[in-house]
């Protein structure tokens, strides 16, 4: 079994004069939502074998805040350039090239790529994938290479404003 957890970065700011989209940082709400979503993962007893994030500042900040809640060492978070501004095909290739030694992987990145990836890999369809949203997909395979369209099922889908 393989479990892929996709998380969209937390709420980021458009107000400050950033030199680029890549340098945008989290808002106050983002800095609250990210650890809250980490706590929700922790309550589900999810500790990934690997955490991989886009190198964009807002994604790295999100990853570190989540890691702090699930006791994942922040220095073990892998930054992967592919995730930033990735198209669906690039994300599929990334997933299929993951190390089979890791059974549970948490990827932190961006829309529209993650939204399209969830809807491509699952038979179910999500209407939206808001900031800080998390979707866990389960695949009945021992190899990431075998993951393809509609091969996963959604274990859970959660986001900060979802009522529990």
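The values are calculated or read from the model by the stated rules, or taken from the named source; none is laboratory data. Everything numeric here is computed off the predicted structure, so don't read it as measured data. Every residue, glycine among them, receives a Cβ derived from its backbone with ideal geometry; neighbour counts consider all protein chains shown.
If a residue must be more than 30 Å from residue 140 (Cα to Cα) and surrounded by fewer than 19 Cβ atoms within 10 Å (Cβ to Cβ), how many such residues does the stretch 18-37 contain?
Adding up the residues that qualify gives 12.
Please tell me if residue 61 is touching a strand residue (DSSP E or B) at 6+ places or on another chain (Cβ under 9 Å) and either in a helix (DSSP H, G or I) or farther than 16 Å from residue 34 by Cα (or both).
Yes: the conditions hold for residue 61.
Can you tell me which of 60, 66 is closer than 25 Å to residue 27 by Cβ and buried (at least 22 other Cβ atoms within 10 Å of the Cβ)?
66
Would you be able to say whether some residue in the stretch 129-140 is more than 21 Å from residue 64 (Cβ to Cβ), out of contact with any strand residue (DSSP E or B) (no Cβ under 7 Å at 6 or more places or on another chain), without any contact (Cβ under 8 Å) to a residue 12 or more places away in the chain and surrounded by fewer than 17 Cβ atoms within 10 Å (Cβ to Cβ)?
Checked against the condition, which is being more than 21 Å from residue 64 (Cβ to Cβ), out of contact with any strand residue (DSSP E or B) (no Cβ under 7 Å at 6 or more places or on another chain), without any contact (Cβ under 8 Å) to a residue 12 or more places away in the chain and surrounded by fewer than 17 Cβ atoms within 10 Å (Cβ to Cβ), the stretch 129-140 yields no hits at all.
Could you run through the stretch 93-102 and say how many residues are in contact (Cβ under 8 Å) with a residue 12 or more places away in the chain and either loosely packed, with under 12 Cβ neighbours inside 10 Å or out of contact with any helix residue (DSSP H, G or I) (no Cβ under 7 Å at 6 or more places or on another chain) (or both)? First the steps, then the outcome.
Looking only at the stretch 93-102, we keep the residues that are in contact (Cβ under 8 Å) with a residue 12 or more places away in the chain, and these are 94-102.
Checking the rest, the ones that are also either loosely packed, with under 12 Cβ neighbours inside 10 Å or out of contact with any helix residue (DSSP H, G or I) (no Cβ under 7 Å at 6 or more places or on another chain) (or both) come to 97, 99, 101-102.
Residues meeting the conditions: 4.
Could you please find all residues in the stretch 11-56 being at pLDDT 95 or above, closer than 19 Å to residue 82 by Cα and either in a strand (DSSP E or B) or in contact with a strand residue (DSSP E or B) (Cβ under 8 Å, 6 or more places away or on another chain) (or both)?
The answer is 50, 51, 52, 53, 54, 55.
Just to check your reading of the model, which residue among 67, 74 is without any contact (Cβ under 8 Å) to a residue 12 or more places away in the chain and in contact with a helix residue (DSSP H, G or I) (Cβ under 6 Å, 6 or more places away or on another chain)?
74
Suppose we filter 40, 58, 44 for residues that are within 15 Å of the chain's Cα centre (by Cα) and touching a residue at least 60 places away in the same chain (Cβ under 8 Å); which single one remains? Break it down stepwise before answering.
Numbers: 58 fails: touching a residue at least 60 places away in the same chain (Cβ under 8 Å); 44 fails: within 15 Å of the chain's Cα centre (by Cα).
From the options 40, 58, 44, the qualifying one is 40.
Does residue 15 qualify as being more than 20 Å from residue 95 (Cα to Cα) and surrounded by fewer than 14 Cβ atoms within 10 Å (Cβ to Cβ)?
yes
For the stretch 74-164, which strands (runs of 3 or more DSSP E) that fit wholly inside it have 1 or more residues that are at pLDDT 95 or above, under 16 Å from the mean Cα position of the chain (by Cα) and more than 23 Å from residue 42 (Cα to Cα)?
By residue number, no strands (runs of 3 or more DSSP E) qualify.
If I go through the stretch 103-114 residue by residue, how many of them are surrounded by 16 or more Cβ atoms within 10 Å (Cβ to Cβ) and without any contact (Cβ under 8 Å) to a residue 60 or more places away in the chain?
Result for the stretch 103-114: 1.
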